[in-house]
Amino acid sequence: LCVLDLQSGHMFALEVHRPLSSPTGLAVDSTAQVLYVADFGSHTVLRVDINEGNTSLVVGVPGVAGGRGDAGTQFRGDEGLASEALLKNPTGLALDVLAQRLFVADSANPAVRVVDLASGKVTIAVQRPGYYGHGLSEDDVGPVGLALGESHVPGLEVRWTIHANMDPPPGTTEGEYFHFDGTSIPDLVPAGTPNPSLPGMPLPPSILRYARQFRRGVLIWAGQVRFWGEDTILIGPQRGDPCPECTATGLREPPGICVPAPCEGQEYIWEVGDVVQILGTAPDFAPETELHTEPAVQNLYMAEAFNFAVRVTNVAPPPDHICADYLDPTWLIREGIVAKGSLSGEYDYVAPT
């Protein structure tokens, strides 16, 4: 690995405490002073400390090549630990520094993998139909170069969270409440919404909506959220010093699903800075009741050498399959995803009707 000083024009070798085998792709995290290297010959991606030269494995098994994606018996790593996934001749890399996600052009499998650097897990980011069943020879490749655009997620930002337990009943009032500035969406709770009540405790009007939760530009949860509008008190504390601009409240209600699933212990977790897309109202979540109709966008550009083409795909939407327990089919159809049946244990494909 060599470094070119653009000011002086001098070039020098970057000391790396590990032999490399045809490094072909690079991505840098300048804040962490880390360089990610696609090591073509060893079928791995490495993490290099720019200052010290120390290396660690990010994804792949050194020296073990995965088989072709459409026929190889060793193709492994659709979902799971990145250290156990099998790559084959990785080339281009693209790093989302904010989300800490590394996209890998797994050229000869061929597909684009994405590694969540915080958890060390890998999933498939792109596998367009043309990559499979095409009869490529061993020398042919899919994507070889990657470039990632900025993430744009329209929605509302979580400004404050609080964990509250307001009995009864359990399950709908216990959990992580998130608060935000709802003055820009007066239709969050439509006029005329009835006031539910509990024995001895009147409640403000609320409505159940479908919503998506994004963190650092990445979708992490989708499901049902109960919202209280701007003209009501905040559930839990009153509006005040902790969040003077907060005027509306939300709380998850079952069902919901983490992306990727499962996410034990994270069922009710929100963080300040999360972006929430508020969609249609229950029970049918009709598109005409959506409040945020503009989709999330993060474009991934892929150079395909043997196809003489550059393709682009949006990697922000939900994946086309999610493995989870049974969820209400209405919003599964809304998302166009696949759920795992709780009784049969097999995949139940939920298609739009």
Lone unmet requirement of (1) farther than 21 Å from A111 by Cα; (2) at pLDDT below 90; (3) of a type in the set (A, V, I, L, M) for L87: (1)
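Which residue is farthest from T289 (Cα to Cα), if the candidates are limited to the stretch 147-177 and must be at pLDDT 90 or above and outside any loop (DSSP other than H, G, I, E, B)? So that I can check it myself, show each step before the final result.
The initial filter retains those residues of the stretch 147-177 that are at pLDDT 90 or above, namely 147-159.
Filter once more, so that each one left must be outside any loop (DSSP other than H, G, I, E, B): 147-148, 152, 156-157.
On the way: A147: 35, L148: 32, H152: 22, L156: 17, E157: 20 Å.
Among those residues, the one meeting the criterion is A147.
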Qualifying positions in the stretch 1-43 - hydroxyl-bearing (S, T, Y), open to solvent by less than 70 Å² (accessible area, probe 1.4 Å) and within 12 Å of L93 (Cα to Cα): Y36
As an exercise: evaluate T183 against (1) open to solvent by less than 40 Å² (accessible area, probe 1.4 Å); (2) more than 24 Å from the chain's Cα centre (by Cα); (3) at pLDDT 80 or above and give the number of the one condition it does not meet. (1)
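The values are calculated or read from the model by the stated rules, or taken from the named source; none is laboratory data. Owing to the predicted nature of the structure, the values given are computational and were not obtained by experimental measurement. These area figures cover heavy atoms from the full protein model, side chains too; ligands, DNA and RNA do not enter into them. Shrake-Rupley method; radii C 1.70, N 1.55, O 1.52, S 1.80 Å.
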